[in-house]
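Below is one structure, written out as structure tokens; the observations come after it.
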Amino acid sequence: MSTFQGFPRANGQPGIRNHLVILSMCGLNAPGARRVAAALPDAVLISSPYGRGQVGADKAFHDHMLLAFATHPNTGAVLILAPDDALCDGMELKIAATDRAVAGFSLQRWGEDGTAMTAAAIAEGRRLLELVQAQRRADCAMSSLVIAAECGHSDASSGIVTNPLVGDLFDHHIARGGSAVFAETLEWLGCESGLYARCTTPDIAERLRKLVHARHSITDAVGHDIHIGNPGPQNHTGGITTLEEKSLGAISKGGTGPITGALSEGEAITGPGLHLMDTPTLSPESISSMVASGSQIVCFTTGHGNPYGSALAPTIKLTANPDTAARLPDQIDFDASEVFRGLRERAVVVPDLIALVERVSNGALTAAERNRDGDEVISRLGPSV
């Protein structure tokens, strides 16, 4: 399939969903935002508990991520809840410049009356929902999709089956002009030289080296041993003994092709091919950063199960652990346990995974969407003042 039915955007990167995003820009707005979200269950709530007192790189990254979520390909319209007029109006102008419907509500403008502001925001939200729900899907190129990959609570089946299976998907998608990204920098440990060798240019390899070094410098600065807590309890139970062993399975999500991009956390993907992104290892932060880069869909492999999913990007859960597939049928979208048990070859099920990605791109719901397990998390890069 070369096309899917999606939502065209002005910048040429279509959405596979057309969400109304409730964007709560500050912890002061959080209680009201929860009330708005409860009244608008078809909307997506993205809420920051911070937003004031942040400085330097931490503030810049926080603001970048909020804008990236608000202008994500899967975002059709935005309802802003902000603490003051300046934050509200600044964000509203940036979103409006992308041809999205947007409405902003500021506590300052409403005389700090959060109750009245919430009621008005709910009414405006209903209007915006009608707009996004009326928009029809249209033909969009599959090559315009950015697919992100994540692994969480991995076990032996992850490294042997599901991670390489996602790598096969990546190879297929990239060969047809698409883009893909994986992350979790510290889970490349011991494999970095092989990743550098796959970079298409010396400049990309050098940038990747610098990103890896900077991530390790964070742990060095506080005297933290990266092997503490990684592999985690679920990894050990599943047969993973060292971080290096875990890394060999983790990087197989990236397939076998050349690396065309080395990205900082949340940096936008601007071209086709395979990209590596420097992120923390915690899945909520890692996935959210790849979604902020423009990824419209996520493939999340798990050994023992992991309930987390992106709020904006449909998250396909894959497992090859027979027990997990049987125990969590309402949370797993793709069961590859027959491959792990030796009953089928991995190559035989690759077309099934490709077909699932196509169905989800055309509107089929993932388990995480049905279960409302979505969220977005913004990393902190420093303390507040």
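The values are calculated or read from the model by the stated rules, or taken from the named source; none is laboratory data. Since this is a predicted model, take the numbers as computed values, not measurements. When we count neighbours, we look across all protein chains shown, and the Cβ atoms used for this are built from the backbone with ideal geometry, even at glycine.
Below are the figures for this structure:
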{"item": "Complete set of residues in the range 179-193 that are touching a residue at least 12 places away in the same chain (Cβ under 8 Å) and assigned to a helix (DSSP H, G or I)", "result": "T185, L186, E187, W188, E192"}
{"item": "Residue match in the range 236-244 (condition: in the same structural domain as A148 (by TED's automatic domain parsing), within 18 Å of E150 (Cβ to Cβ), modelled with pLDDT of 65 or more and not acidic (D, E))", "result": "no"}
{"item": "Tabulated pairs, the range 93-111, first assigned by TED's automatic domain parsing to the domain that holds L28, second small (G, A, S) and surrounded by fewer than 16 Cβ atoms within 10 Å (Cβ to Cβ), C-beta under 7 angstrom, 6+ apart or interchain", "result": "T98/A10; D99/A10; V102/A96; F105/A120; W110/A116"}
{"item": "Out of L343, L312, L381, sole residue that is surrounded by fewer than 18 Cβ atoms within 10 Å (Cβ to Cβ), closer than 30 Å to E265 by Cβ and outside the structural domain of A43 (by TED's automatic domain parsing)", "result": "L381"}
{"item": "The range 54-63, subset surrounded by 18 or more Cβ atoms within 10 Å (Cβ to Cβ) and not charged (D, E, K, R), residue modelled with the lowest pLDDT", "result": "Q54"}
{"item": "The lone exception for R136 - which of (1) out of contact with any strand residue (DSSP E or B) (no Cβ under 7 Å at 6 or more places or on another chain); (2) more than 19 Å from N362 (Cβ to Cβ); (3) charged (D, E, K, R) it fails", "result": "(2)"}
{"item": "Hits in the range 44-53 - residues which are outside any strand (DSSP E or B) and surrounded by 21 or more Cβ atoms within 10 Å (Cβ to Cβ)", "result": "S48, G51"}
{"item": "Hey, T75 at pLDDT 95 or above, more than 16 Å from C26 (Cα to Cα), among the hydroxyl-bearing types (S, T, Y) and surrounded by fewer than 21 Cβ atoms within 10 Å (Cβ to Cβ) or not", "result": "no"}
{"item": "Any pair with Cβ under 8 angstrom, 6 or more apart, that starts in the range 163-177 at a residue that is free of Cβ contacts under 8 Å to residues at least 24 places away in the same chain and ends at one that is surrounded by fewer than 22 Cβ atoms within 10 Å (Cβ to Cβ) and part of a helix (DSSP H, G or I)", "result": "none"}
